[in-house]
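**Q** Attaching a single structure in structure tokens format; questions to follow.
What follows draws every value from the coordinates through simple rules; no lab data is involved. What you see is a predicted model; the values in this text were computed from it and never measured. Glycine gets a Cβ as well: all are built from the backbone with ideal geometry, and neighbour counts include every protein chain shown.
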Amino acid sequence: MSQTSDRALVKQTRAGQTEAYGELVQRYQNTVFNVCYRLLGERRDAEDLTQEAFIRAFQRLASYDLERHFGPWIRRMAANLCYNHLKIAASPHHLLDEERDYPANTQKSSPEVERIYVENKEFLREVITSLPAHYRMAIELRHYQELSYAEISAELNLPLSDVKSHLFRARKQLAKRLKIHEFA
């Protein structure tokens, strides 16, 4: 059974078949939520901004470039919403309630290995969410969204030198904080 392409679903949605957009939401809701959660560190805010990202994407679907991939487009939109949210109000940061992305071999691992993995992942998320918003955004776009420095510069409307500086300082802070914690 072949899966309908994102491009075809966008075309169907533009033609008035809103259930096609529902399929896009189902495909990308977890990854969009993960972007929001990594940036905000707060489950409720992440859920709200995930929903807002899909609403805005739907409203802007008429101007969406079919040559672009839908996944990165919706994730960047979500990241921008989160960045704006962080600039407006400082939201509290909490550890993850549950870990969503276990490694593929975790099922075969012992409970001890799985526990250590989850603890390390939670600590890393805690450290990332403790960074200033502009550093956190740079880390998100570079390491989770895999954007180039030039793309980050365009996305954040910052000079390339600022992007490099933000990433350098963010990584330096991360390294310093991670040295304190011994990863297994």
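**Q** Within the bounds of the stretch 134-147, is there any residue that is at positive phi and of a type outside the set (A, V, I, L, M, F, W, C)?
**A** Of the residues in the stretch 134-147, the ones at positive phi are 146.
Subset that is of a type outside the set (A, V, I, L, M, F, W, C): 146.
Yes, the stretch 134-147 contains at least one residue that is at positive phi and of a type outside the set (A, V, I, L, M, F, W, C).
**Q** Shifting gears a bit: Could you count how many residues in the stretch 1-41 are within 30 Å of His134 (Cβ to Cβ) and out of contact with any Phe, Trp or Tyr (no Cβ under 9 Å at 6 or more places or on another chain)?
**A** Residues meeting the conditions: 7.
**Q** Can you pull out the residues in the stretch 116-169 that are in contact with a Leu (Cβ under 8 Å, 6 or more places away or on another chain), within 22 Å of His69 (Cβ to Cβ), surrounded by fewer than 17 Cβ atoms within 10 Å (Cβ to Cβ) and acidic (Asp, Glu)?
**A** Selection gives Glu151 alone.
**Q** So which residues in the stretch 50-78 are surrounded by 14 or more Cβ atoms within 10 Å (Cβ to Cβ) and among the hydroxyl-bearing types (Ser, Thr, Tyr), if there are any at all? Please lay out each step first, then the result.
**A** First, pick out the residues of the stretch 50-78 that are surrounded by 14 or more Cβ atoms within 10 Å (Cβ to Cβ): 50-54, 56-58, 61, 64, 70-78.
Selection gives Thr50, Tyr64.
**Q** Surrounded by fewer than 17 Cβ atoms within 10 Å (Cβ to Cβ) and of a type in the set (A, V, I, L, M, F, W, C), is that true of Leu40? Lay out the reasoning, then the answer.
**A** Working: surrounded by fewer than 17 Cβ atoms within 10 Å (Cβ to Cβ): no; of a type in the set (A, V, I, L, M, F, W, C): yes.
So Leu40 does not fit the description; no.
**Q** Right, another one. Sort through Glu19, Glu23, Glu47 and tell me the only one that's within 21 Å of Ile139 (Cα to Cα) and either among the hydroxyl-bearing types (Ser, Thr, Tyr) or surrounded by fewer than 19 Cβ atoms within 10 Å (Cβ to Cβ) (or both).
**A** Numbers: Glu19 fails: within 21 Å of Ile139 (Cα to Cα); Glu23 fails: within 21 Å of Ile139 (Cα to Cα).
It is Glu47.
**Q** Name every residue in the stretch 36-88 that is aromatic (Phe, Trp, Tyr) and in a helix (DSSP H, G or I), in order of residue number.
**A** Applying the first criterion (aromatic (Phe, Trp, Tyr)) to the stretch 36-88 yields 37, 54, 58, 64, 70, 73, 83.
Hits for the stretch 36-88 are Tyr37, Phe54, Phe58, Phe70, Trp73, Tyr83.
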